[in-house]
1. Determine one quarter of the surface area of the Cα convex hull of the chain, which equals its mean projected area, and express it in nm² to one decimal.
2. In segment 55-124, with Lys and Arg counted as +1 and Asp and Glu as -1 at Cβ, which of these residues, Thr91, Tyr113, Thr69, has the Cα nearest the positive end of the dipole, that is, farthest along it?
3. Within 9 Å, Cβ to Cβ, of Ala23, how many net charges do the neighbouring residues add up to if Lys/Arg are +1 and Asp/Glu are -1?
4. Using the Kirkwood radius over C-alpha pairs as Rh, can you work out the diffusion coefficient of segment 47-111 via Stokes-Einstein at 25 °C, viscosity 0.890 mPa s, in µm² per second?
5. Taking the Cα centre as origin and putting +1 on Lys and Arg beta-carbons and -1 on Asp and Glu beta-carbons, what dipole magnitude results for the chain, to the nearest 20 debye?
6. Once both labels are modelled 7 Å past Cα along the beta-carbon direction, what's the Ala40-Gln1 spacing in nm?
7. Let me know the volume per residue of the alpha-carbon convex hull for segment 1-67, in Å³.
8. Solvent-accessible area per residue for segment 55-124 at a 1.4 Å probe radius, Å²?
Amino acid sequence: QVQLVESGGGLVQAGGSLRLSCAASGRTFSNYVMGWFRQAPGKERDIVAAISRTGDTKYYADSVKGRFTISRRNAENTAYLQMNSLKAEDTAVYYCAVALRLALSRKPGSYDYWGQGTQVTVSS
């Protein structure tokens with residue numbers, strides 16, 4: 001079992017920044033690929049970004065490329081999502097998730113453990 005706890009969400013004006021954190025416990029964090037997803041009301045849960053176990057490989061959804069940065073500190077069992085130049089369409093509940101696999105995945109079904117989510121609201 002892996003327990004994940006997100007933090008850092010909130011209300012921000014368009015153009016502003018937030019940094020989300022995902023704290024992991026229970027198993028060796030560095031064994032897991034890690035992803036950030038988001039889900040807006042009435043929409044499916046979509047990938048935002050993913051990072052390999054060592055942090056060498058990263059994936060970003062087209063909608064966030066150049067604005068968001070995913071990172072991880074395995075020694076601290078923590079991952080981050082730095083979100084800059086936020087837009088109203090970034091408003092959603094953001095989830096972190098981990099997968100015991102080698103390759104990155106964009107599919108929610110590939111991930112084994114999920115956090116409870118943190119709300120991000122961007123006002124225009």
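The values are calculated or read from the model by the stated rules, or taken from the named source; none is laboratory data. None of the values given here were measured: they were computed from a predicted structure. Heads up, the Cβs are rebuilt from the backbone with ideal geometry, glycines too, and the neighbour counts pull from every protein chain shown. With ligands, DNA and RNA removed, areas are computed over all heavy atoms of the protein, side chains included. Shrake-Rupley method; radii C 1.70, N 1.55, O 1.52, S 1.80 Å.
1. Values: hull surface 27.0 nm².
Computed as one quarter of the Cα hull surface, the answer is 6.8 nm².
2. Checking the options against the dipole of segment 55-124, the answer is Thr69.
3. On the way: positive: none; negative: Glu6, Glu76.
Once positives and negatives cancel, what remains is -2.
4. Details: Rh = 12.6 Å.
My calculation gives 194 µm²/s for D.
5. Values: 15 positive and 9 negative charges, 43 e Å.
That gives the chain a dipole magnitude of about 200 debye.
6. For Ala40 paired with Gln1, the spin-label model returns 3.5 nm.
7. Details: hull volume 7.9 nm³, N = 67.
Each residue corresponds to 118 Å³ of Cα convex hull volume.
8. On the way: 3650 Å² over 70 residues.
Accessible area per residue, segment 55-124: 52 Å².
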